[in-house]
Amino acid sequence: MRLALAQIEVRAADRDGNLDRALTAIAAAADRGADLVALPELWNVGYFAFEAYERGAEALSGPTLSRLAEAARDHDIAVLAGSVVEDLAESAAAGADVPADDGLANTAVLFDSDGDRRAVYRKHHLFGYESAETRLLTPGEALPVVDLLGVRIGVTTCYDLRFPEQFRALVDGGDGDGEVDLVLVPSAWPYPRVEHWRTLPRARAIENLAYVATANGSGSFEEADLVGRSTVYDPWGTTLASTGEEPALVTAEIEPDRVANVREEFPALRDRRDY
């Protein structure tokens, strides 16, 4: 599988412009032969544009995600729609399984190349440090793992990187199709915590002998500047592809057989003990 990370410029509350940039990145990823492209966290309104969350929220069947599903079909490419602000009441009214009857969630959706919804992940760990996320959003509960083109894929979001037990749960199969090969991490990681951004996903890859791919945004807000540096790490924690802070498209090859071979060669997961 060829994976692309779309590090687009994210502008506060610029829903139309952000959507245009996302669609352009999806088309560019397809032109480069990518099988799957991942967008950043809350790319549609901007993570730090907290005042825009409510008016930018929509259901899983809303116009933004519907447009990305259409783009997946048009370009014959799977799309992780980063994450968007989901209106849980509207999703529930449309028949979706939601963690609460109302409120908002930070929701990532994975579409296959037919535009079919394959996974919905709502961010588990809400960021409370100098952020309004814990006040505005409802945490998710599901931890899906899906098989896409022979690669078992899980999703976490940004702050989740600080909670290794969640990644270990994905290795144990999550709620889906067995041990994860690849964890996609849409993010809105800001300065000054650059070293955390470099260290945590690499550690999660090493601990779990899995690919970890971080799709960060690019851009500035009143409260913070995003560090960019979207990166793909292999099961040894080696950097396969990365970029700086400017908008970019990062591509790398994901080989599920390599995950199996590394886990066979270095049996750390089998050596675990219960505590």
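The values are calculated or read from the model by the stated rules, or taken from the named source; none is laboratory data. The shown structure was predicted, so the numbers you read here are calculated from the model rather than taken from an experiment. All Cβ positions, even for glycine, are placed from backbone atoms using ideal geometry, and neighbour counts span all protein chains on display. Accessible surface is based on the protein model in full, side chains and every heavy atom, while ligands, DNA and RNA are left aside. Shrake-Rupley method; radii C 1.70, N 1.55, O 1.52, S 1.80 Å.
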Once you order the gyration tensor axes a ≥ b ≥ c over the Cα atoms, which shape class does the chain get: rounded for a/c under 1.5, otherwise prolate or oblate by comparing a/b with b/c? rounded
Per the rule of 0.36 nm per residue minus the C-alpha distance, extending ARG73 to GLU130 adds in nm 16.6 nm
Quick one: what are the phi-derived ³J(HN,Hα) couplings along the stretch 65-75, Karplus 6.51/-1.76/1.60 with θ = phi - 60°, whole Hz, x for glycine and proline? 5, 5, 5, 6, 4, 5, 5, 4, 5, 4, 9
Note the full-extension length gain between ASP175 and ALA142 as 0.36 nm times their separation in residues minus their Cα-Cα distance, in nm to one decimal. 11.2 nm
Might you report the magnitude of the Cβ-based charge dipole of the stretch 67-217 about its Cα centre, with Lys and Arg at +1 and Asp and Glu at -1, to the nearest 20 debye? 660
Give me the extension gain from ARG270 to ALA94: residue separation times 0.36 nm, minus the current Cα-Cα distance, reported in nm with one decimal. 59.1 nm
Just reorder GLU245, GLU165 by solvent-accessible area, largest first, 1.4 Å probe, all chains present. GLU165, GLU245
Report the equivalent ellipsoid semi-axes for the stretch 99-188 in whole Å, largest first, defined as the square roots of five times the eigenvalues of the gyration tensor built from alpha carbon atoms. 23, 15, 11
Honestly the stretch 138-229 on the Cα gyration tensor test (a ≥ b ≥ c root eigenvalues; a/c under 1.5 rounded, otherwise a/b vs b/c for prolate or oblate) is just prolate
For a quick check of understanding: with a 1.4 angstrom probe and all protein chains in place, what accessible area in square angstrom does PHE266 have, to the nearest ten? 100
What are the ³J(HN,Hα) couplings of the stretch 47-64, residue after residue, when phi is run through the Karplus curve with 6.51, -1.76, 1.60 and θ = phi - 60°? Round to Hz, x for glycine and proline. 3, 8, 8, 4, 5, 9, 4, 5, 6, x, 6, 7, 6, 4, 8, x, x, 5
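Taking only the alpha-carbon atoms of the stretch 39-156, what semi-axes of the equivalent ellipsoid follow from 5 times the gyration tensor eigenvalues under a square root, in whole Å, largest first?
Value: 23, 15, 14 Å, ordered largest first.
Of the listed peptides 127-135, 251-259, what is their order by residue-averaged count of other C-beta atoms within 10 Å, with the highest listed first?
251-259, 127-135
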